[in-house]
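Beneath this line is the structure, given in structure tokens, with notes to follow.
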Amino acid sequence: MSWQPSASLINIRARAEVLAKIRAFFAARDVLEVETPLLTHSTIPDPNIASFKTTLNNKNLYLQTSPEFAMKRLLASGTESIYQICKAFRYDESGKLHNPEFTMLEWYRVDFDHHALMQEMDALLHALLQTKPAEKITYQESFQKHLNIDPLNCSLDDLRTCAQQNGLNDIPDLDKDGWLNILLIRFIEPHLGFTQPTFIYNFPKSQAALARINDDVAERFEVYINGVELANGFHELSDTNEQRQRFIADLKKRAQLKLEQPPLDEYFLQALANNFPNCSGVALGIDRLLMLYTKTKAINEVIAFTIDNC
Amino acid sequence: MANFSTSEFKQGLKVIIDNDPCNILENEFVKPGKGQAFNRVKYRNLVTGRTLEKTFKSGESLPGADVIEIEAQYLYDDGEFCHFMHPETFEQYQATANAVGDTKKWLKEQDSYTITLYNDQPILVSAPNFVVLKVTQTDPGLKGDTATGGSKPATLETGAIVKVPLFVNEGDLLKIDTRTGEYASRAKE
């Protein structure tokens, strides 16, 4: 137990430097900085994301897990391209790369598809980390290259066999996406982004989250540097009915897992139905970015006070 | 015993995995951008002594294991059990051949060993890193030959056979590294 910060003074200053550079990057591109609430009446129903909850006047309030829904309401109201640097909260996520309270950069570009946004992300990474131009590889190609399996056209058994052939015998019972995730984490991620940033794009449609589905794949991407996932982006779904169906499917999964059933964000669903522009958006973990900027190995080296000393 | 969830797995926590008491060594939280979170856990099975890895879905829980370690003196072997005694409480413990395992060859009466108790039963007996034992049998030493290499077998008072330098004589006290089973040096009484 120490009252002192876990991050060094050098790294505390590095954070200020990086935030200033990000703001300059977006100012030069005419992207508007915005703020949205951290406390909201609804939260994401994704069964794999858990929210902190509190109450006010007997009503539930949640700490946001991402500013996505509120920023999309701003986009529908006509702001044009926007960005935000804010705190986000995920219950029970703690480790070398996770803190339950973390800093997120999220931005949306009107009239960008996911490829155009990947290009801008690459420019930001170059501006901050002097990285070489990124490589791009589809989700399918990454599995074919590293595991010799087609993730879009294989069975649950194929995935289980592939895991066993690679020496993974200690895994609990998982569904198809669970197996895809564990194979990605164990055998693909460790190879990504060592000479230049790596974009993985076009995810299985079962992992679309809030991305559009086109040609049977989700227009979603992730960015890796030094084997660490840094950001996740979507060509944003703009169909309110499909969005509601995905939320309802998530709520059903939550019910099976005996998880809380949070209310859906009806404001967000209304915004999608009202002049929501064609756009792409991405969320980047600032703390992990700082780990790369300062060449540190653990998140508590770049956060002054983590969950362990706050 | 209470149950512990993956987020409570800390180094040193004793839990039951696959019916055996285990000691958590490392717990790494891994989560893909979107999707199920996992905990990669490295642990030592306290019955077999083996270090293993297992991946859990985050939020799973395991029953705690009532495991403690004590220091106890070796008393004797009755052919079925090795008997030990706690030097302060005088409580006696009997360990099976399984629990004693390879440590048997380092057991010397009156000396102190670490015993891992699970539900009050010894499951593992470990020797200190170094023990001092007397040579009971070895071929005659070669006088003056203290520098050149070469070794010969020597039988120690516990029955263990170790390779020793040529100058070692019967009756000498030797310091042995129990982790490798190798001769370390000569020792004084």
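Values quoted throughout were computed directly from the atomic coordinates according to the rules given, and no laboratory measurement underlies them. Note that the structure is predicted; figures quoted are calculated from it, not measured. For neighbour counting, all protein chains shown are included, and Cβ atoms are generated from backbone atoms with ideal geometry for every residue, glycine included.
Most fluctuating residue of A:E93, A:E68, A:E219 in a GNM of chain A with Cα springs under 10 Å: which is it? Sorting by GNM fluctuation, first place goes to A:E93.
Ranked for footprinting exposure by Cβ neighbours inside 10 Å, fewest first, A:K72, B:K163 give B:K163, A:K72. The stretch between A:R13 and A:K53, if pulled fully straight at 0.36 nm per residue, gains 11.2 nm over its current Cα-Cα span. Estimated from helices alone, the mean residue ellipticity of chain A at 222 nm is -10500 deg cm²/dmol (sum of -39500 (n - 2.57) over DSSP H runs with n ≥ 4, per residue). Shown in residue order for the range B:169-186 are the 3J(HN,Hα) couplings computed by the Karplus curve 6.51 cos²θ - 1.76 cosθ + 1.60 at θ = phi - 60°: 10, 4, x, 5, 9, 10, 9, 10, 7, 6, 6, 10, x, 10, 4, 10, 6, 7 Hz (x for Gly and Pro). Spin-label model, B:E60 to B:D172: label points 7 Å out along the Cα-to-beta-carbon direction sit 5.3 nm apart. Length available on full extension from B:K104 to B:E91: 0.36 nm per residue minus the Cα-Cα distance, which gives 2.6 nm. Exposure proxy shown here: for B:I70, B:I123, the number of other Cβ atoms within 10 Å sets the order, fewest to most, as B:I70, B:I123.
Can you bin the range A:1-126 into rounded, prolate or oblate? Criterion: square roots of the alpha carbon gyration tensor eigenvalues sorted a ≥ b ≥ c, rounded for a/c under 1.5, prolate for a/b above b/c, oblate for the rest. Oblate, since a/c reaches 1.5 and b/c is not below a/b. Here B:K34 is the anchor, and the aspartates and glutamates within straight C-alpha reach of less than 12 Å, apart from those fewer than 8 places off in the same chain, are A:D46, A:D177, A:E222, A:E229. Taking label points 7 Å from Cα along the Cα-to-Cβ direction, A:K21 and A:A304 give a separation of 2.1 nm. As a calculated quantity, the FRET efficiency between A:D215 and A:K253 at R0 = 35 Å, using C-beta atoms, amounts to about 0.85.
Could you tell me the calculated FRET efficiency between A:E260 and A:N148, based on Cβ-Cβ distance and R0 = 51 angstrom, to the nearest 0.05? Can you show the working numbers first?
Values: r = 41 Å, r/R0 = 0.79.
Efficiency computed from Cβ-Cβ geometry: 0.80.
The helix-based estimate of mean residue ellipticity at 222 nm for chain B, built from -39,500 (n - 2.57) per DSSP H run of four or more residues and divided by its residue count, is -500 deg cm²/dmol to the nearest 500. Residues in the range B:95-100 carry Karplus couplings, in order, of 10, 6, 4, 4, 5, 6 Hz; the curve used is 6.51 cos²θ - 1.76 cosθ + 1.60 with θ = phi - 60°, and Gly or Pro positions show x. Tell me whether the range B:1-117 comes out rounded, prolate or oblate; compute the Cα gyration tensor, take square roots of the eigenvalues as a ≥ b ≥ c, and use a/c under 1.5 as the rounded threshold. Prolate shape, in that a/c is at least 1.5 and a/b is the bigger ratio.
Counting other C-beta atoms within 10 Å, which of A:L159, A:L152 has the fewest, and how do the rest follow? Don't skip to the answer; put the middle values down first.
Numbers: A:L159 23, A:L152 17.
Ascending Cβ contact count within 10 Å gives the list A:L152, A:L159.
Please find, in a Gaussian network model of chain A (springs between Cα atoms separated by less than 10 Å), the residue of A:Y224, A:Y139, A:Y267 whose mean-square fluctuation is greatest. Checking each option, the largest mean-square fluctuation is seen for A:Y267.
As a length-normalised measure over Cα pairs under 8 Å and 6 or more apart, the relative contact order of chain A settles at 27 percent.
With the cut-off at 27 Å, tell me which of the pairs A:K176/A:K295; A:K87/A:K295; A:K53/B:K14 have Cα atoms farther apart than that.
The pairs that break the limit, which is 27 Å between Cα atoms, are A:K176/A:K295; A:K53/B:K14.
Springs between Cα atoms under 10 Å define the GNM used for chain B, and in it the highest mean-square fluctuation of B:G12, B:G159, B:G101 occurs at B:G12. Placing a label point 7 Å from the Cα of A:N166 along the Cα-to-Cβ line, the residues of the range A:112-154 whose backbone N sits under 17 Å from it are A:137-154.
If R0 is taken as 45 Å, the Cβ-Cβ distance between B:D78 and B:E28 corresponds to a FRET efficiency of 0.50.
If you take the square roots of the eigenvalues of the alpha-carbon gyration tensor of the protein assembly as shown and sort them as a ≥ b ≥ c, do you get rounded (a/c under 1.5), prolate (a/b over b/c) or oblate? Working shown, then result.
Numbers: a/c = 2.61, a/b = 2.28, b/c = 1.14.
In terms of gyration-tensor shape, prolate.
Label sites at A:E33 and A:K132, each approximated as a point 7 angstrom past Cα along Cα to Cβ, lie 3.4 nm apart. Were the residues from B:A187 through B:K10 laid out at 0.36 nm apart, the gain over their Cα-Cα distance would be 59.7 nm.
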